[in-house]
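To keep things clear, I will list the structure first and then write my remarks on it.
The values are calculated or read from the model by the stated rules, or taken from the named source; none is laboratory data. Predicted model, so just to flag it, every value in this text is computed and none were measured. Glycine also receives a Cβ, built like all others from the backbone with ideal geometry; neighbour counts cover every protein chain displayed. For accessibility, only protein heavy atoms count, side chains too; no ligands or nucleic acids. Shrake-Rupley method; radii C 1.70, N 1.55, O 1.52, S 1.80 Å.
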Amino acid sequence: NADVAMSRAKALGRNNVQFFNPEMSRQSFQSLVIENRLHRAMEREEFVLLYQPQLDLVRGTLSGMEALICWTQEGRSQFSPSEFIPLAEETGLIDPLGEWILYSACRQNRLWQQAGLPPQRVAVNVSARQFYQRDIAALVARVLRETGLDPRWLALEITESVLFQDIAETLVTLEKLRDLGVHLIIDDFGTGYSSLSYLKNFPVGTLKVDQSFIAGIPDDPGACTITSAVVAMAHHLKMTVVAEGVETAAQKNFLSDTGCDKIQGFLFSPPLKSDAFADLLERSAA
Ligand code: C2E
Ligand code: MG
Ligand code: MG
Ligand code: MG
């Protein structure tokens, strides 16, 4: 509600400190200066990226991760991204924040690779404003160049509801991103209004079944049917399927029987801090 949003905005604006990363462009530095509320939080490292591992259901091995932003103050997790990302969208703070997220995820993934850990793909969430109001492909290209990350190790998650806001523009943007060599994922699939005839034209590699469907497995026949249908459709379209929010062995077994490719959720692992994720990478190499 409005009061909550106001107090969030005040929390964002409380302080003002310099923040500069020489590898970031002058233009992005300018927007960071303007949005001093946000860079205070970044300078104090109140924003942290967590990495949630994904499990390949066929091989039974670690297979990729999703970067999830977390805002903690004095060690306590205070705001969920579902609360502050929409606020950051409204105020435009998502521009520097989104760039920081993309940059940090790519740099971290490159650092793990440089440390000799087995390479894995990192999926980064892209918000509506980022997708439509910036030259997202130019930004992604620059971040890949600056971090030295090979594009095959980056995926971008765009929610179904965002992708179908403007189909003509979406197609152009997705093709630019695909041409960079980045993997594309439709997030929260099943909750928006996909036009199935366009879905086949989008250069998308993965559908991510929304956790609201997974939550209904195995008791809700509707959720089970929809999930199996999405898996079958995705495979016919030569896409892979990830199920998110998998919490129980029964859900995992159903998804495995259905042919779902990967799962993500508390059953396998919660989102991890980077050092814990590095430990997991090291164990996966052994
Ligand atoms: P999402 O991309 O669908 O992310 C999945 C959410 O489910 C995450 O919540 C994750 O922590 C949570 N989750 C993971 N495993 C389980 C599970 O087993 N059970 C349940 N109930 N939940 C699980 P989180 O971190 O609160 O993120 C919520 C949403 O905020 C994300 O949904 C995404 O839309 C947005 N978001 C998060 N990080 C970013 C970001 O870096 N950039 C942007 N633009 N949006 C982000
Ligand atoms: Mg996501
Ligand atoms: Mg999702
Ligand atoms: Mg979701």
request  = Tally the residues that are in contact with a Cys (Cβ under 9 Å, 6 or more places away or on another chain), under 22 Å from His183 (Cα atoms) and without any contact (Cβ under 8 Å) to a residue 60 or more places away in the chain, restricting the search to the range 71-122.
outcome  = 0
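Of the residues in the range 220-246, how many are within 16 Å of ligand 1 (Cβ to nearest atom) and without any contact (Cβ under 8 Å) to a residue 24 or more places away in the chain? Explain how you work it out, then say what you get.
At the first step, the residues of the range 220-246 found to be within 16 Å of ligand 1 (Cβ to nearest atom) are 220, 223, 227, 230, 241-246.
Those still in the list that are without any contact (Cβ under 8 Å) to a residue 24 or more places away in the chain too: 220, 223.
Residues flagged as within 16 Å of ligand 1 (Cβ to nearest atom) and without any contact (Cβ under 8 Å) to a residue 24 or more places away in the chain within the range 220-246 amount to 2.
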query = Looking only at the range 238-253, which residues are loosely packed, with under 15 Cβ neighbours inside 10 Å and of a type in the set (A, V, I, L, M)?
reply = Ala249, Ala250
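When the range 169-211 is examined, which residues are found to be in a loop (DSSP other than H, G, I, E, B), closer than 18 Å to Val246 by Cα and either among the acidic types (Asp, Glu) or more than 16 Å from ligand 1 (Cβ to nearest atom) (or both)? Before you say what the answer is, go through the steps one by one.
Step one: list which residues in the range 169-211 are in a loop (DSSP other than H, G, I, E, B), which gives 181-182, 190-195, 200-205, 210.
Still in the running and closer than 18 Å to Val246 by Cα: 190-191, 210.
Of everything in the range 169-211, just one residue is in a loop (DSSP other than H, G, I, E, B), closer than 18 Å to Val246 by Cα and either among the acidic types (Asp, Glu) or more than 16 Å from ligand 1 (Cβ to nearest atom) (or both), namely Asp210.
Mind telling me which of the residues Glu35, Glu89, Glu46 ends up being at pLDDT below 80 and of a type in the set (Asp, Glu)?
Values: Glu89 fails: at pLDDT below 80; Glu46 fails: at pLDDT below 80.
Within the list Glu35, Glu89, Glu46, the selection yields Glu35.
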request  = Any residue in the range 144-164 that's over 13 Å from Ala105 (Cα atoms) and hydroxyl-bearing (Ser, Thr, Tyr): show its pairings with residues that are modelled with pLDDT under 95 and surrounded by fewer than 16 Cβ atoms within 10 Å (Cβ to Cβ) at Cβ separation under 8 Å, as long as the two are six or more apart or on different chains.
outcome  = Thr159/Thr191; Ser161/Thr191; Ser161/Tyr193
message = Among the numbered criteria (1) surrounded by 13 or more Cβ atoms within 10 Å (Cβ to Cβ); (2) in contact with a helix residue (DSSP H, G or I) (Cβ under 8 Å, 6 or more places away or on another chain), which one does Ser256 miss?
response = (2)
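Just to check your reading of the model, which residue among Ile226, Ile217, Ile167 is away from ligand 2 (no atom under 13 Å from the Cβ), farther than 21 Å from Ala123 by Cα and open to solvent by less than 10 Å² (accessible area, probe 1.4 Å)?
Result of the check over Ile226, Ile217, Ile167: Ile217.
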request  = Kindly indicate whether any position in the range 85-97 is outside any helix (DSSP H, G or I), more than 13 Å from ligand 1 (Cβ to nearest atom) and either open to solvent by less than 20 Å² (accessible area, probe 1.4 Å) or closer than 16 Å to Pro203 by Cβ (or both).
outcome  = yes
ask   = Is it true that some residue in the range 219-231 is within 16 Å of ligand 3 (Cβ to nearest atom) and part of a loop (DSSP other than H, G, I, E, B)?
value = no
note = Picked from the range 247-260 (must be more than 13 Å from ligand 1 (Cβ to nearest atom), assigned to a helix (DSSP H, G or I) and among the hydrophobic types (A, V, I, L, M, F, W, C)), the residue farthest from Glu157 (Cα to Cα) is Ala250
